[in-house]
Structure formats: C-alpha cells, structure tokens
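Q: Here it is, the structure, as structure tokens.
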Amino acid sequence: MTETQLPVESFREAAPLLRRPFEPAAVRWKVQTTHGSSGLIVGYIDARLATERLNLVCPHLWSDDYTSAGDGLLMCLLTVDGITRRDVGQGKGKALFSDAFKRAAVKFGVGVSLYALPQTWLSVSDGHLRAAGQGKERLFLQPAGIEHLRSLYAIWLGTAQGASFGEPLSHGDAAEGSVGDPLDPDAEHPDGLDEEGPRELPEAPPAKAAEPREAPRITDGQAKLVEIRAEQAGLTKAGLSEILAQEGAASVADLTPAEFRIVLGRIEAMP
C-alpha cells in the first residue's frame, strides 16, 4: 500500500486516513461491564492519541471549541477543513474535555474501527482479570489479559472486517507499559490497589444500625446522557425500557449511580 504524503490539504484526503486503525500497542482496554467473575472488554484510545492522529494527518485544518450542554455536560465542536461535528462528554475537570473531544473525533472516523471489534469476554479464572474491592465486585485487567487482547486485535486487523478500515496508521503509539493519560475518563483506576490485590483492613468495631434511606438517584445531566447515547445507538424507547427493566428501573430518572454506569455501558457496547 502506497503511503499518502502527510499532512494532507483537504478533508477529502484526510477522511480515509483519520479512520484507519491504530497499532495494537496504542489501543487500550477496559472492563466495560461484568457478569460474575467475567467481564466484557472494550478497546479505546485516549484523547492524546486522537489529537496526534489529527496532527499527523491535517494539523493545519482542525480546531476544537467547547460549550456547556447543561446539567454538567460539555459539548465539543470539532472542525476539520471547515466541517464541524459535535458530541457531548461527561466527567469532571480535564476528563470532561477529553471525553467530549474523543466522542466528537469519532464522528470524523478517529477510533471508529474499535466500535467494530467483536465482543470479547475474559474471566478471573483464566488469569486475564483480577477481582478487587471489599466484596471482590470490581474486575481489572491483568498483564496477561492485555497481551491476549493485543493478540486478538492483531488477528482482527488481518480479517476482512479489519482490513476494510485500511492498514494501521502508526504514530506516537503508547510505549510498552505506559499508562497513557491517567485523567482520561476511559482509563481504569483500580483505586491505588497494587498487583497483589486489595490490602486486608483491620476488623472494624460493630457499627450502629443505619436508618433506612432512599437510594440516591442520578442527576438530570446523567439521565440526559443516557437518552443521548440511546438515540445515537439507534435504540427505540421500547429497547431502552427493556435495558432499564433489567436493572429494576421504570425510567431513566429512577436509575441509581451504579445502575447508570451499567446501563450506559450496555448501550455503548452495542454494535
């Protein structure tokens, strides 16, 4: 394949280059949702790598701007050669900007190939995941799991589906063992736990029985985000209601923060 001279001078030239896949070393992985000791794994890139793709392909043709979308959401307006596309992000501080930027960049094809990856489930029993948290309810990727995922991704790049995005475009790929952007909203944060797993805490004295209280509900901004993602995924109202019902919620506004993360993960994992 003959490489195009970079950078290019128009969006027409940039479009196929922006959507080309990333090298296996550049793609990061996280547990999107769990079922028992197994986890559904998804690939992602951080905002730094999305920026580098734009700077490699068309550094003089793009710009970004941000505006509040209300309810704690931020909208990124990404412009490439006079064409503007937008999307909203969630998070706090820098993570809010990173999330909005990456989602807008996907609309220009940056990282879009990762949405075409087949579903991959890993488990604790095969050594690919580690359980953490007081109740061992959280799952995190182990080095063996990351290597396994990189191998699967490299194989997928050679399939007809992977090849349809073009050959991987290498640039600024993450060094082996690097952590990428720790403030990226997609990055895994095992709460400072070391590779040995969670530390044993001393037994606490018996606590006084707490009075029953109503479970906290999500904010209006989080509810709005679920509805936006459902619409982007092509979910009908009935389809969204079915996902909500699996968590025992009658409506989006009834979701607890924990249920919100599960529902959003299921929607975003949809092909």
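Q: Taking only the range 233-271 into account, find how many residues are surrounded by fewer than 11 Cβ atoms within 10 Å (Cβ to Cβ), more than 24 Å from residue 30 (Cβ to Cβ) and of a type outside the set (Ser, Thr, Tyr).
A: Total meeting the criteria: 5.
Q: Further question: How do the pairs read when you match residues in the range 246-270 that are closer than 28 Å to residue 112 by Cβ and without any contact (Cβ under 8 Å) to a residue 24 or more places away in the chain with residues anywhere that are of a type in the set (D, E, K, R) and part of a helix (DSSP H, G or I), using Cβ under 6 Å and keeping only pairs 6 or more apart or on different chains?
A: none
Q: Does the range 127-165 hold any residues that are touching a Ser or Thr at 6+ places or on another chain (Cβ under 8 Å) and of a type in the set (A, V, I, L, M, F, W, C), and which are they?
A: Once the filter is applied, which keeps residues that are touching a Ser or Thr at 6+ places or on another chain (Cβ under 8 Å) and of a type in the set (A, V, I, L, M, F, W, C), the range 127-165 yields 129, 131, 139, 149, 152, 165.
Q: For the range 45-66, which positions are farther than 19 Å from residue 14 by Cβ and crowded, with 19+ Cβ neighbours inside 10 Å?
A: Selection gives 46 alone.
Q: Scan the range 105-124 for residues that are touching a strand residue (DSSP E or B) at 6+ places or on another chain (Cβ under 7 Å) and touching a residue at least 40 places away in the same chain (Cβ under 8 Å) and report the count.
A: We begin by selecting, within the range 105-124, every residue touching a strand residue (DSSP E or B) at 6+ places or on another chain (Cβ under 7 Å); these are 105, 107-108, 114, 117, 119-124.
Still in the list and also touching a residue at least 40 places away in the same chain (Cβ under 8 Å): 105, 108, 114, 117, 119-124.
The number of residues fulfilling the criteria is 10.
Q: For the range 125-158, name all the residues that are in a loop (DSSP other than H, G, I, E, B), without any contact (Cβ under 8 Å) to a residue 40 or more places away in the chain and small (Gly, Ala, Ser).
A: Result: 127, 135, 158.
We did not get these values from a lab; they are worked out from the coordinates using the rules stated. In this text the structure is predicted, and so the values were computed from the model without any measurement. Cβ atoms come from the backbone with ideal geometry, glycine included; neighbour counts cover every protein chain shown.
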